Structures are given as C-alpha cells and as structure tokens.
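Everything on this sheet refers to the single structure shown next.
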Amino acid sequence: MTPDALNRLVAQLAKLPGIGEKTAQRLAFHVLRAPAEYARGLSAALLDVVDHVSLCPKCFSLCDKAHPQCGFCSDTRRDDKLLCVVEGIADELALERTREFKGRYHVLHGVLSPLEGVGPDQLRIRELLTRLQDTDVEEVILATNPDVEGEATALYLTRLLKPMGIKVTRLAQGIPMGGDLEFADQATLARALSARRDI
Amino acid sequence: MKLLSLSYENFRNLAQVTLEPSAHTTVAVGENGQGKTNLLEGVYFLATLKALRASKLLELVRFGQTFSRVSGRFSLGGAEREIAVEIRNGVRTAFVDGKRAQSLESYFGGVSVVAFTPDDLSVVKGSPEGRRTFLDRAVFNRFPAFLDESREYQRALKSRNRLLKDRAPFAHLSAWDATVAKVGARLWVRRRALLGELATGVVEAFSRIGRTEAPAQLLYAPERLAGVDFATASEEQLMHALAAGLDARLQRDWERGFTSVGPHVDDVELKLGEHSARAYASQGQSRALVLAWKVAEIENLQRTSGFLPLLLLDDVSSELDPERNAFLMQYLANSGAQVLLTTTDAQLVRSAAGADTRWYKVKTGLVEAVDG
C-alpha cells in the first residue's frame with residue numbers, strides 16, 4: 001500500500017495532458033527522491049502561475065497580473081497600425097520568434113468549430129471588434145491555421161472587418177522556406193502549385 | 001512496382017498466411033466464404049489504408065483477437081521496401097521498413113492498386129453514392145492529394161450541416177459556405193481532370209468489349225451550377241458558382257438541416273450513345289461499361305505514372321458472360337500487369353494464366369500453394 005499523499009500526487013499528475021498513470025508515478029517518485037527544496041520550488045511555481053498570470057484585457061495574450069497590460073500591448077516600439085489575429089498563444093510565440101513582426105496581436109483562443117461546439121461567442125471576437133472600433137489599426141493579418149476551421153474563422157472575420165474599412169490580409173500558403181520540395185506533403189505542394197506566381 | 005511477398009496475421013479469417021505472388025498472375029481458388037476475398041482485402045488495405053468491403057476497422061481483425069497485421073515487400077523503383085499496417089485495439093498504424101510512417105504521403109509513395117469486385121459491376125444501375133465512391137477511388141489513385149482534400153471537404157460539410165441543424169445565425173453559417181465552396185471547387189477540379197483523362201480510353205475500351213455500336217460516355221456535371229460552363233471554368237469560377245449555389249439553396253437547406261448542393265450530391269452519368277445507361281443498358285452492357293472504365297483507369301495510371309498498378313480482381317469472372325470474361329482474361333494476360341485474382345472455378349481464369357502463374361488453394365482460412 002502506497003501512502004495516500006503519494007496516491008494523490010500521482011492522480012493529479014496523471015491529469016496533465018500526455019501523462020499516463022505510469023509516467024505520473026515515475027514523476028511522483030522523482031519528486032519524492034529529490035531534495036525537499038525541489039518540491040517546494042515546484043509548488044511555489046505552480047501557485048505563482050495561477051496567482052500572477054492572467055490574460056491581457058486588451059489582446060488576451062498572457063500577462064503579469066501586476067501590470068495592466070501584457071508586454072506586447074505595452075511595448076511602445078510596436079506598430080499600432082498592424083494587428084495580427086492568431087488562434088492561440090503558441091501561434092503568437094511562433095510568430096514572435098521570427099522577430100519580423102512588429103505589430104500588435106489579438107489571441108482568439110480557438111477557432112470556429114461547429115463539430116466541437118465552438119461558435120463566435122466562445123472566441124474573443126467581440127473583444128476584437130470592440131478593440132478595432134476606435135484605433136489606428138489599418139491592416140489586420142489573419143494568421144489562423146490553413147485547415148478548414150482556421151479558414152472558416154478567417155472568412156468569418158473578413159466579413160466582419162471589411163465593412164469597417166480595414167484592410168484584411170491572410171498568411172500565404174505554400175512550401176516552407178528552407179524545406180526541400182521533396183519533403184513537402186502532397187496537399188501543400190498541390191496548393192503551392194495552384195497558387196504559383198509570376199516572377 | 002512489384003509486390004514480392006505478402007503476409008497476414010489475424011486478418012479476418014486468415015490466422016497466419018504467407019504468399020509469394022507471381023510477377024504476373026496469381027490465382028486464389030476456393031469456395032465462397034473460405035477467405036479468398038480476404039487475401040485481396042488485405043492487399044487493398046495495405047495499399048490504401050482503407051477497407052474494401054468492411055465498414056469498420058474492427059471487422060478486419062480476426063474474430064476473438066485484438067491485433068491484426070498485413071505486410072508486403074514491394075519492389076519500388078528498383079529498391080525493396082516493406083510496408084505494413086497494423087490494427088491494435090481498433091487503431092491503425094502504418095510502417096515503412098519497420099519504422100512508423102510519418103505521413104500518409106510518405107506511406108503511399110509509389111504503391112497503387114486498382115480493385116475490381118462483383119459490387120463494382122452494379123455501379124451503373126446502382127445508387128449515385130456508389131458511383132461517387134467508385135469515381136473517388138479512381139481520383140485518389142491518380143491524385144494522392146485528393147485524400148486530404150476530400151477529408152477537408154467532409155469536415156467542412158459536416159460543420160455546415162451541424163450549423164444548419166443547430167439553427168446557427170446566417171453570419172456564422174456563411175463563413176462555412178465560403179469554406180465548403182473553396183474545398184468543394186477543388187474536388188470538382190480533381191474529378192473533372194480524371195474524367196477528362198479517362199474519356200477517350202473509356203470509348204476505346206468499350207468499343208472493344210461492348211458489342212454495342214453506341215459509344216460509351218462518362219458525363220459529370222454538377223447540378224444547379226448556374227452561370228458557368230463546368231467543362232471550362234477555372235477553379236476560382238467554380239468556387240464562386242458553388243458559393244452562389246449554396247447561397248441560393250440556403251433557405252431550403254436551413255429548413256431541412258443538410259446541404260443539398262456540392263460534390264457530395266453529384267452523380268456520374270454513364271451513357272451509351274444518346275441513352276442513359278442506368279435506364280437503358282442491358283446487364284451485359286452495364287458490366288462491359290464498368291469493365292471499360294476500369295481498363296481505362298489502369299491504362300491512364302500507366303500513362304501518367306509510368307507504371308502499371310497492381311490489379312485485384314475478386315471473383316469477377318463468374319459474374320461476366322463468357323465472351324466478356326474472355327476479353328478480360330486476354331487483357332490481363334497481355335497487359336503485363338501484376339494481377340491477384342480470386343475465383344471459385346479455376347477454368348474461368350485459365351486463359352489469363354501463363355507458365356509463371358502461381359496458384360493457391362484457399363480453404364477455411366488456410367492457404368496453400370498448388371499446381372495449376
């Protein structure tokens with residue numbers, strides 16, 4: 001019989017995505033064997049995340065609760081005329097890694113997906129529209145994924161934004177840079193071929 | 001492309017079977033219900049990851065087992081590859097040379113099969129759905145990207161139907177209309193391209209087997225496609241036309257809860273001269289038509305990909321009259337293609353056999369090599 005405290009830890013760890021019962025057990029044993037400081041640090045870090053991180057009230061990216069806005073929104077060097085709409089925070093971070101985009105972001109926290117019961121009201125779309133009401137934004141870049149849900153979301157937003165007199169653009173689709181043609185999957189390659197352009 | 005060997009484990013009623021097919025014709029002889037079709041089903045599953053007849057993956061696993069595997073060694077462009085597919089607890093996994101396949105495209109690279117079953121013979125007189133499936137199998141063989149594209153379409157369509165049923169606001173619905181139109185136009189272009197390639201081949205093949213003066217024709221034109229000529233329209237024009245069609249039928253679709261226009265409701269019209277084959281063709285003529293379509297498909301694949309697909313024929317001979325069967329057997333013997341065929345009566349397929357034909361006897365799930 002294992003002590004209840006250990007069982008509780010295993011049960012909590014096993015709720016994490018990608019973690020099964022066995023891995024949870026392994027992680028729990030690791031915590032148990034490590035110096036007590038590790039467990040204290042871990043639990044403090046866990047609590048800190050819940051207590052101190054929230055969503056930015058403007059762009060719905062991650063934000064320190066102590067600040068009124070996130071780092072992207074409060075950065076004065078960024079271009080207020082450009083706004084990039086993304087599905088999730090992971091996408092935002094991916095774009096940020098390019099160090100090319102210097103506009104602002106808006107995180108939808110999902111895409112339209114009737115099959116999963118996600119409609120416009122479950123996304124941060126109303127907040128986007130409110131935000132665009134009186135701003136300097138001239139162009140909105142729709143950076144949702146190129147799958148059917150991302151595409152439908154982009155089209156839905158386009159129809160809302162165009163009448164507001166805002167320029168709406170969509171990320172191009174095609175062959176990844178630095179990638180060899182031979183490694184591109186057929187659907188991507190077929191799409192890239194049909195969207196070829198003059199040089 | 002050549003199939004060098006095959007092995008089955010717990011696949012339908014085949015507990016443990018190994019086959020070494022001939023480079024040309026391999027014949028499995030057996031009574032009905034012994035498992036000869038399962039041999040072909042396994043190859044089809046291996047090559048397409050889809051079941052030929054069964055509707056559920058679990059039906060492919062031998063009764064009482066939880067694991068099933070089919071593998072084949074292929075010679076592809078001079079190299080030998082082993083591809084395998086497993087079903088474990090209802091989940092299918094594909095392997096190339098023992099390694100899990102990263103993507104379906106890498107898995108499908110180079111292997112193509114054309115299957116011909118008795119069910120196919122009723123395509124002419126059967127339902128539009130049967131004809132769409134028949135057509136789409138051929139499109140997928142010719143354009144592998146079609147697999148992803150048709151999955152995308154199904155997903156977009158299901159989403160739209162769900163919104164129709166949920167009485168979603170029109171603003172939300174119209175975003176999905178545009179998505180359905182975009183992906184749907186792609187399917188139209190693919191189907192149109194394949195049928196365009198097959199057109200002359202079908203006429204030719206049918207005149208060889210049909211014993212009918214009237215030329216055979218495959219016609220495909222979406223219904224309610226206003227304002228554009230389907231044969232010549234660009235993909236973009238088709239997209240706009242489909243969007244317009246969806247829009248025009250919106251009220252009706254909204255009331256009934258499903259989408260009534262698009263590639264998923266289209267039909268392929270088979271014609272003999274001026275007449276619809278569905279209404280007028282005799283049984284013999286409609287089978288000849290299907291045969292002509294298959295022959296055209298095989299020849300088209302050879303022309304476009306440079307190699308002959310592997311042919312799977314499941315007990316087709318017993319469904320054809322002697323003269324058409326003779327044509328088919330002659331065609332197979334002359335084509336040079338690698339063929340796996342099953343029959344209840346070895347005599348029916350003997351004219352497709354040559355000196356290098358391998359014969360197998362199938363009885364209660366056991367397969368043994370025999371002399372012709």
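A short reminder: the numbers here are calculations on the coordinates, not readings from a lab. Computed from a predicted model, the values in this text were never measured in an experiment. Because the Cβ atoms are built from the backbone with ideal geometry, glycine has one as well, and the counts that use them run over all protein chains shown.
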Could I get the Rg over Rh figure for segment B:123-306? Both from C-alpha atoms, Rh via Kirkwood, rounded to two places. 1.02
Descending packing, highest mean Cβ count within 10 Å first, for A:43-55, B:336-348, A:144-156 is A:144-156, B:336-348, A:43-55
Give me the orientation-averaged projected area of the Cα convex hull of segment A:4-51, in nm², one decimal. 3.5
Neighbouring partner chain Cβ atoms per residue of B:166-175, average, 10 Å criterion: 4
How large is the dipole of segment B:195-346 about the Cα centre if only Lys and Arg carry +1 and Asp and Glu carry -1, each at its Cβ, rounded to the nearest 20 debye? 140
How many partner chain Cβ atoms sit within 10 Å of a residue's Cβ in peptide A:147-159, on average, as a whole number? 6
Calculated log₁₀ intensity ratio I(q)/I(0) where the Debye formula runs over C-alpha points of segment B:1-78, q = 0.20, 0.26 Å⁻¹: -0.89, -1.37
Along each principal axis, Cα extent of segment B:217-329, largest first, Å: 53, 35, 28
Which Cα, out of A:46, A:24, A:35, lies furthest along the positive dipole direction of segment A:4-51 (beta carbon charges, K/R +1, D/E -1)? A:24
Along segment B:111-126, what does the Karplus equation 6.51 cos²θ - 1.76 cosθ + 1.60 (θ = phi - 60°) give for ³J(HN,Hα), rounded to whole Hz, x for Gly and Pro? 8, 9, 10, 10, 9, 9, 10, x, 4, 4, 5, 9, 4, 4, 8, x
Can you give the Rg/Rh ratio of the protein assembly as shown, where Rg is from the C-alpha atoms and Rh is the Kirkwood radius? 1.04
Modelled label-to-label distance, residue B:280 and residue B:23, 7 Å Cα→beta-carbon offset: nm? 4.7
I'd like the FRET efficiency for residue A:199 and residue A:97, computed as 1/(1 + (r/R0)^6) with the beta carbon distance as r and R0 of 35 Å, rounded to 0.05. 0.80
Would you list A:70, A:59 from fewest to most Cβ contacts within 10 Å? A:70, A:59
Less than 25 Å apart at the alpha-carbon level, and either on another chain or at least 8 residues along: which lysines does that give for residue B:182? A:162, A:167, B:158, B:165
Value at 222 nm in deg cm²/dmol, rounded to 500, when DSSP H runs of n ≥ 4 in chain B each add -39,500 (n - 2.57): -14000 deg cm²/dmol
Express in nm, to one decimal, how much length is gained between residue B:200 and residue B:95 on full extension, taking 0.36 nm for each residue of separation and deducting their alpha carbon distance. 34.0 nm
In degrees, nearest 10, the alpha-carbon axis of helix B:128-142 is tilted away from the dominant principal axis of the alpha carbons of chain B by 70
Given unit charges at Cβ for Lys, Arg (+) and Asp, Glu (-), the dipole magnitude of segment A:1-136 about its Cα centre in debye, nearest 20, is 360
Here, residue A:66 and residue A:12, labelled 7 Å along Cα→Cβ, have an inter-label distance in nm of 2.5
May I ask you to compute the full-extension gain from residue B:55 to residue B:330, defined as 0.36 nm times their residue separation minus their alpha-carbon distance, rounded to one decimal in nm? 95.7 nm
Here the FRET efficiency for residue B:125 versus residue A:45, based on Cβ atoms and R0 = 41 Å and rounded to 0.05, is 0.05
Write out the cysteines belonging to chain A for which the nearest other cysteine Cβ is not under 4.7 Å, or none if no such cysteine exists. A:59, A:73, A:84
Principal axis extents for chain A, Cα atoms only, whole Å, descending order, please. 69, 46, 34
Sorted largest first, the Cα spans of chain B on the principal axes come out in Å as 67, 53, 37
Mean separation of Cα contacts under 8 Å (at least 6 apart) over the residue count of chain B, i.e. the relative contact order in percent, is 26
Relative to the longest principal axis of the C-alpha atoms of chain B, give the angle of the C-alpha long axis of helix B:283-305, reported between 0 and 90° and rounded to the nearest 10°. 90
What helix-only [θ] at 222 nm does chain A give? Using -39500 (n - 2.57) per DSSP H run of at least 4, over all residues, to the nearest 500, the answer is -13000 deg cm²/dmol
Two-site label geometry, residue B:32 and residue B:165: point separation in nm, points 7 Å out along Cα→Cβ: 3.7
Proportion of all alpha-carbon pairs of segment B:8-167 beyond 18 Å (%): 66
Excluding residue A:25 itself, calculate the net charge of residues whose Cβ lies under 13 Å from the Cβ of residue A:25, where each Lys or Arg counts +1 and each Asp or Glu counts -1. +3
Difference of contour (0.36 nm per residue) and Cα-Cα distance, residue B:251 to residue B:228: 6.0 nm
Note, ³J(HN,Hα) from phi for segment B:88-93, Karplus 6.51, -1.76, 1.60, rounded to Hz, x at Gly and Pro: 10, 6, x, 10, 9, 10
